[in-house]
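Just so it is clear, none of the values below were taken in a lab; they were calculated from the coordinates. Keep in mind that what you see is a predicted model, and the values were worked out from it rather than measured. Counting neighbours? That spans all protein chains shown, and the Cβs are built from the backbone with ideal geometry, glycine included.
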Amino acid sequence: MKRSQPPVLDIQSFADHHIITQPNPLRAAVRQIDPRDADDPVARAEQALAGLSGEFQSWMETECERLAAAHETMKLQGVTAATRNELFRAAHDIKGDAATFGFPTAAAAAESLCRIIEHAPDLAAVPSGLIAHHINAIQAIIREKAGVDTTGMAGELSRKLRGVADEYLTAVNRDRPEHLDAILAPSIVPGR
Amino acid sequence: MPAPSRLMFRIDFNKLRFLVCDDNPHMRRILRTLLHSFGTREVHEAEEGATALEMYSHYVPDIVITDWSMPIFDGLELTQMIRQPGSSGNPYVPIIMLTGHSEKRRVTIARDAGVTEFLAKPISAKALYQRILSVVANPRPFIKTKTYFGPDRRRNTTAKYIGPERRNGGDVEILQQPSLLDKARSSS
């Protein structure tokens, strides 16, 4: 957009707040079109996204390596703010990206791992196998994607991991209602 | 007799300048691809909040799209830094929070930091387009109180709100829009 003078603000003042309205600075970017206009920017973007799909497998493998490396660092250096945050971010990225890249069951397993990291009162006290099983499952789902159709099995694996993780988190948070509420609250993302 | 034609609107993306902030290079690539496909020419990218803030001052973007969880300086802090009413930059810029967080309380925290739209990953072309269309075509007024500066958070029709942040003075203004949470729930 062309940058010009600062917009003129309309400010209404009340007892404890102001309502500030400005002319829509992006109005010039909205245009009326002919209903017969066949151009579809969303379809165009979906097509471009599909054009990237050949890279998704290798992207996910990179994300998995980062997750495994973060876990190894945590095992070597112990649970610190830095190791915990890096493990969380690696899992969180997979949670957010994997479904877009065609690995929804890996996203589900990563979400379960994120919940453990976020809601366990003492990450060092989490049974050692629980975190490792999540990471192994995510790696297996990504690795096997190119082979046989494993969606059913991968989905079952993710669901079982989530069940075990939720059972653990519910037990260790029984005296922490704010965490318990968050654990039991439904996700805002449909299907999760 | 022909049916009256319905007005249709579209965004001229080539008139919009975007700033994208995400520490994940794959997600930046996805966003760049989507925005360029929509027709945008200018997409500036930062991999963490501090760099994004510098780029924000330098490039003066029309729309900011930011991740939440990033090392050191995250998307929430970026939002809070931008939403400074006296800042030399544009504190009114639309901010779309694109995040893997998918809990209701996160939507509330983001809203209270001054985020304009909340988009939970996984991302889709349609959901991103709709969020951009919303901030471009239907900007909300800003509210300034002692504790908040950002887009109007009122989106429903109840005039009986009695919470701690109820505004005093003047009539209750109602915005007929779905809440960020409702939109996040139907994002795909």
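Over the whole of A:129-140, what's the average partner chain Cβ count within 10 Å per residue? Rounded to a whole number, please. Present the calculation step by step, with values, prior to reporting the outcome.
Details: counts 0, 0, 0, 0, 0, 0, 0, 0, 0, 0, 0, 0.
Counting Cβ atoms of other protein chains within 10 Å of each residue's Cβ and averaging gives 0.
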Once you've got the GNM for chain A with C-alpha springs shorter than 10 Å, pick whichever of A:182, A:29, A:106 has the biggest mean-square fluctuation. A:29
Amide H of residue A:100: which non-local residues (sequence gap of 5 or more, or other chain) have their own amide H closer than 5 Å, using H built in the peptide plane? B:123
With a/c under 1.5 counting as rounded, go ahead and sort segment A:86-159 into rounded, prolate or oblate using the C-alpha gyration tensor (a ≥ b ≥ c being the square roots of the eigenvalues; past the cut-off, prolate if a/b is larger than b/c, else oblate). prolate
Under a Cβ-Cβ cut-off of 9 Å, what is the net charge of the residues other than residue B:61 that fall near it, where Lys and Arg count +1 and Asp and Glu count -1? -1
Charge sum, other residues only, whose C-beta stays under 12 Å from residue A:49's C-beta, Lys/Arg counted +1 and Asp/Glu -1: +2
Most fluctuating residue of A:77, A:12, A:32 in a GNM of chain A with Cα springs under 10 Å: which is it? A:12
Between residue B:138 and residue A:136, the two model label points (7 Å from Cα along the beta-carbon direction) sit apart by a distance in nm of 4.9 nm
Please find the FRET efficiency linking residue A:170 to residue A:73, where r is the Cβ-Cβ separation and R0 is fixed at 35 Å, and quote it to the nearest 0.05. 0.75
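Give the shape of chain A as rounded, prolate or oblate, defined through the alpha-carbon gyration tensor: a ≥ b ≥ c are the square roots of its eigenvalues, a/c under 1.5 means rounded, and otherwise the shape is prolate if a/b is larger than b/c and oblate if not. It would help to have the intermediate numbers written out before the result.
Details: a/c = 2.38, a/b = 1.45, b/c = 1.64.
Oblate, because a/c is 1.5 or more while a/b does not exceed b/c.
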Please list, by residue number, every one of the trypsin sites (Lys or Arg not before Pro) in segment A:30-103 that is coil in DSSP and has at most 16 other beta-carbon atoms within 10 Å. A:36
Shielding by other protein chains, A:88-97, mean Cβ within 10 Å: 6
Partner shielding of A:29-37, as the mean number of partner chain Cβ atoms within 10 Å, equals 5
Gyration tensor verdict on segment B:70-144 (Cα atoms; rounded if a/c is under 1.5, prolate if a/b is larger than b/c, oblate otherwise): oblate
Could you sort the peptides A:111-121, B:130-140 by per-residue average Cβ neighbour count (10 Å cutoff), highest mean leading? A:111-121, B:130-140
Compute the signed sum of charges (Lys and Arg +1, Asp and Glu -1) over the other residues within less than 12 Å, Cβ to Cβ, of residue A:161. 0
